[in-house]
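Just so it is clear, none of the values below were taken in a lab; they were calculated from the coordinates. Because the structure is a prediction, the values reported are computed rather than measured. Please note: Cβ atoms are built from the backbone with ideal geometry, for glycine as well, and neighbour counts cover all protein chains shown.
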Amino acid sequence: MDEPIQSTLNDPAKARRDVVLQEIQPALLGLMDGSVSTLAPIFATAGLTGRPLSAFFVGLAASLGAAISMGLSEALSDDGSVTGRGGPVRRGAITGVSTGIGGMLHTIPFVIPNLQIALNAAYAVVAFELIAIAFIRYHFMGGRLLNTIVQVVIGGAIVFAIGVWLGKIGAG
């Protein structure tokens, strides 16, 4: 059960902690998952088919599927009464929407008909996404900025490389 609003008004540190725990963390979880988990299928499809629109539709399907999956997983994982992480429907919605956004940002460039231009735009978007996620994580979760950037970028780079590699192998 959520605590009364009055108790958080008297304690700004608790109010900030609650926002981080109940809103920022689910959003960051979704952005990271959407951004990273959709990379391999999109870039593998672009490499396999050479058709940007095919990569777009695979990215759209992966983003929507991941958004639904992550939203349900977050909503069904905890009702908030034990952990204080807030209501499950709200957390699930935040996680699902941010997962969809994270997956779609680097999918959108594939509406560009020229594959090389679409790939270059998507590469730039991926770099922006990963750096933005690292900064959000650093700002709200603390730690050292360089460590956060390295962790997020290396994780994303590994998944990205797998997608490109598989696309090249499949395309022959």
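General observations
- If only residues of the range 85-106 that are among the basic types (K, R) and part of a helix (DSSP H, G or I) are counted, the one that is nearest to V150 (Cα to Cα) is R91.
- Residue match in the range 76-87 (condition: among the hydrophobic types (A, V, I, L, M, F, W, C) and either under 28 Å from R17 (Cα atoms) or without any contact (Cβ under 8 Å) to a residue 40 or more places away in the chain (or both)): yes
- Which listed residue, of P109, P41, P113, is assigned to a loop (DSSP other than H, G, I, E, B), of a type outside the set (S, T, Y) and under 20 Å from V164 (Cα atoms): P113
- For the range 90-116, the candidate set comprises residues that are under 20 Å from S77 (Cβ atoms) and touching a Pro at 6+ places or on another chain (Cβ under 6 Å); within that set, the residue that is surrounded by the fewest Cβ atoms within 10 Å (Cβ to Cβ) is I94.
- Selected residue (criterion: farthest from D18 (Cα to Cα)) from residues of the range 137-156 that are free of Cβ contacts under 8 Å to residues at least 12 places away in the same chain and part of a helix (DSSP H, G or I): I154
- Scanning the range 117-136 for residues that are among the small types (G, A, S), more than 22 Å from V19 (Cα to Cα), under 17 Å from the mean Cα position of the chain (by Cα) and surrounded by fewer than 19 Cβ atoms within 10 Å (Cβ to Cβ) yields A124, A127.
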